[in-house]
1. Hey, any idea what Rg/Rh is for the protein assembly as shown, computing Rh the Kirkwood way over Cα pairs?
2. Beyond 16 Å, how much of the Cα-Cα pair distribution for the range A:147-263 remains, as a whole percent?
3. How high is the relative contact order of the range B:3-309, in percent, with contacts defined as C-alpha pairs under 8 Å that are six or more residues apart?
4. What translational D, rounded to a whole number of µm²/s, comes out for the range A:29-112 from Stokes-Einstein when the hydrodynamic radius is the Kirkwood one over Cα pairs, at 4 °C and 1.567 mPa s?
5. At a Cα cut-off below 14 Å, give the aspartates and glutamates reachable from A:LYS271, other chains included and same-chain residues fewer than 8 away excluded.
6. 222 nm [θ] for chain B, helices only, -39500 (n - 2.57) per DSSP H run of 4+, per residue, to 500?
7. Using Cα pairs closer than 8 Å and at least 6 residues apart in sequence, work out the relative contact order for the range C:1-44, in percent.
8. Using Cα centres only, tell me the gap between the range C:1-79 and the range B:147-170 in whole Å.
Amino acid sequence: MSTSSTDTLHATAVELADRIATGQQSAVEIARAHLERIEAVEPSVHAFLHVDGARALEAAAAVDAKRGRGEALGPLAGVPLALKDVLTMTGAPTTCGSRILQGWHPPYNATVTQRLLDADLVILGKTNLDEFAMGSSTENSAYGPTHNPWDLDRIPGGSGGGSAAALAAFEAPLSIGTDTGGSIRQPASVTGTVGVKPTYGGTSRYGLVALASSLDQPGPCARTVLDAALLHQVIAGHDPRDSTSIDAPVPDVVSAARSGDVAGMRIGVVKELSGEGYAPGVEQRFHESVQLLSSLGAEIVEVSCPHFVYALPAYYLILPSEASSNLAKFDAMRFGLRVGDDGRLDAEQVMGATRQAGFGPEVKRRIIIGTYALSSGYYDAYYGQAQKVRTLISRDFEAAFAQTDVLISPSTPTTAFRLGEKVDDPLAMYMNDLCTIPSNLAGNASASFPVGLAPQDGLPVGLQVMAPPLADDRLYRVGAALERALTAQWGGPLLAQIPPLPVTSAEPVEGRVVAGALR
Amino acid sequence: MAYDEAMATYDPVLGLEVHVELNTASKMFCGCSTEFGAEPNTQTCEVCLGLPGSLPVVNATAIESAIRIGLALNCSIAEWCRFARKNYFYPDQPKNYQISQYDEPIAHDGFAEVEVDGKTYRIEIERAHMEEDTGKSLHVGGATGRIHGADYSLLDYNRSGVPLIEIVTKPIEGAGAKAPEVARAYVAMLRDLLRALGVSDVRMEQGSLRCDANVSLRPSPDAPLGTRTETKNVNSLRSVERAVRYEITRQAALLSDGGRVKQETRHWQEGSGTTSPGRSKEQAEEYRYFPDPDLVPVAPSRAWVEELRGTLPEPPALRLKRMSAEWGYSDLELRDVVNAGALNVIEATVAAGASPQSARKWWLTELARRANELGLELEETGVTPAQVAEIQALVEAGTINDKLARQVFDGVIAGEGTPAEVVESRGLAVVSDEGALGAAVDAAIEANPGVADKVRSGKVQAAGALIGAVMKQMQGKAEPNRVRELILERLG
Amino acid sequence: MALTPNDVADLARLARIELTDDELELLAPQLDVILESVAHVADVAADDIPPTSHALPLTNVFRPDVVRPSLPREDVLAGAPAAEQDRFRVPRILGEEG
């Protein structure tokens, strides 16, 4: 990596946008640097399922041309971005990390995708994920796992491991994730990056291939708080094509991220999200952060959310129930994989054979559980009761927010575990989302910010901030305060401490499509 | 077993489920057109194809129509209701779940009244709920092009997502032997009501109004309900009546032989006039209903509901009362008109200028006969109310007579043009040339001296034979009253 | 509750996933453990608690009844596993009709 290339790759999105706008560096040059980096580190990281260098360079050239004509550029124009492969984009495959969608080219753009394109971001490609976003390690991808750039033997989190790893590996300064139970925040936490799950309804789900419709939410991923806020601003806001989209102004996340002032803010520490099962290094960095916030003028109070202990079981009923219905459309009739159509098997048998071959074990597990939970004899005891628990969790949040401005907890109970360590133990895997799930059930805004490395293993620890619905700006205020103070302590961003990745010599990338899905 | 015999032994209970396709411009959850008859798969998008990532948004007009239908059926309108997913796999259903309503329908607990042979039957409405239509399949190979035995199928999703309202009755009891007629009258009433509301094209032959008929028998009206069958694919008013009658007879024969009725779905076979069992399922249907998380609740404000109530057309009972007064029909005449389903066409014919009696005459005789022969509804014979009024005007002007008018109907139905054009092209106008007519009268008197003598001696009714002879000679193109006048002038 | 491989097979049939015997044997105990764990939602007494199906209390979200352009048919059929006569070709359907 040349110095100037390192400088480009390590720059923030804000800096890159500024260089493009002032003509200091072209968007094409920036895109090319990132494409070369992708070429160099993808063999070891595997953050992407699809990269379209030609298209990215074309988009970058269009931004440069626009600037050349003296047209106004948006705040992130020309900045490269990695899109989670669960959002549709025309002209590229959308696989959701599943064999059943291999090679499927959607005929329409997700609203988030469209807004990125309209804002002139340069989409480099689609990132890896657990199949249909079901997982916490990206090991459930049909196309192989993504590796954590901090330690290639470790998981990058999930389901959005690709989007988080792309940031930590300096393959892109920005990425898009989607969060159903922590799929933005948990990967952010274990890769030392920033991930925000907006208030449910704050970003459009149109074109996001649904896992659990009442929980899913796209959100920004970045290496800095301000970058995340600017990306949030681009993708958020009312979408008439999503009935659950909120028709209200987007909270002023950018100003909050610039301010970072927490003086007088009341910050609640959730009693239930600590203790047994939490790694000492995680707890240590969390407590240091609490003290740091206190020293910055925040008022720290302990709050109790007694029903949070029921969040995990409620989530693992609601999610599979909705998923079992959402994934019924993958039936080999209109799109995607078709197996066994030999003229002898009937439609029902072809559906069964295709879904057998096209879905991985975790997807099958959850579909079966959801099918069971929604069955007439069990609905009340399972799905119905889980929906009531959801009400109780929302009430816990309401009570807590009556006395605080935000709540905080560790983002995950542990740092990144080893690849393969939990694949055969679904329940242990589900525990990763313990802290993140309550906000999906209640729909409030939530984010993970890096707060250091655990002393035991030198791996990143994340702090979760939870804000009331539509108060997404408060997340950024707290995140920016932590970032400013910690960066000063560390003498630079946390990611400056990441060990270098093995690099393969870069080849020319122009016109090359890396079809990760075909590997 | 004969129907009468069946009715002597059993009491039938009906249940009717009617699916109505709304005539909104766009589909229930997306902006695709609902226009009937477009090229396959040209009115589809990611939403109605159920492509991954797409999301539904409810059509406001469909909600309005649903509320208006509910109000017109005297239903309570829910203050808060939701859409639910009905999960089942079927290739014509792109998401493999149908967005429908389950335990929270938008309208519930209403009623409607129908009249059969002078007796009023009150039909309790259980619910009217919103849902979406499925795509259409074309079955290729096999012997008949039907689903059974086909090699494969071809799917067109133009109809997928067209808004439907399903109107479900409570068990209809007390119809007795009139059950088939009551079923028909109910569907006809719904059709008229929906048309008056302007919410649907209600074209049964295009499938925009579809009826499933539940039938069960019990030994007596105070016995518990028997096992029911659900007959699908009943797609004309006539079929509703026939299918119910067939099912009653079939079940009665089964029960009389000591057999049992199997709870099942059956299909109406129009050709043979019978029902046949559907595919038996290995396991009971398990639809796994749950509230659709992609949609938010519908909570129509009371002000909105009242505003919509203000847009309702005149209630059928009031309308009947008004028409009876305006048209001067006897009770018997009015009942015939209602039973024939001719209220709308007569109203339109009167509006086009015909007298109520002449309008009634044409629709209930000439056109009813033709409709019956062709197995069509009155509206579907190809003659419009305006054309009927025009033909009647021609009769009153003396241009044609009643007998010639029938040939004009033939011409209009055959597509030969307007009534005036048919009269012209077929040369049907009555001969008003008094010279030719007088000569024909003179010839008839001369050829029938005996008859002429009788008339001369005062037996005026004998003139009929002479009139007939004149009409024959004139090839029908004479006005019989004028002929009578001329005969009596000469023989008086 | 002890789910048997047979129970799992029934559920899989309902979900249209053809599972192998090996998968059934593997899945049954796994699902059992998961179901036992999620059944804890019943531990909290919530008889008087309304269920939440939507995180935010939105109602009456409608679109005007306006026709928007459909997708071009070639785009619609481009992703189809098989197409014929401008329609999606699917294996024979075991039908409802008798």
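1. 1.11
2. 58 percent
3. 25 percent
4. 90 µm²/s
5. Partners found: A:GLU283, A:GLU302, A:ASP396.
6. -11500 deg cm²/dmol
7. Relative CO of the range C:1-44 lands at 49 percent.
8. 24 Å
The values are calculated or read from the model by the stated rules, or taken from the named source; none is laboratory data. Predicted model, so just to flag it, every value in this text is computed and none were measured. Reconstructed Cβ throughout: ideal geometry from the backbone, glycine too, with neighbour counts over all protein chains shown. To get the accessible areas, we keep the full protein, side chains included, count just its heavy atoms, and leave off ligands, DNA and RNA. Shrake-Rupley method; radii C 1.70, N 1.55, O 1.52, S 1.80 Å.
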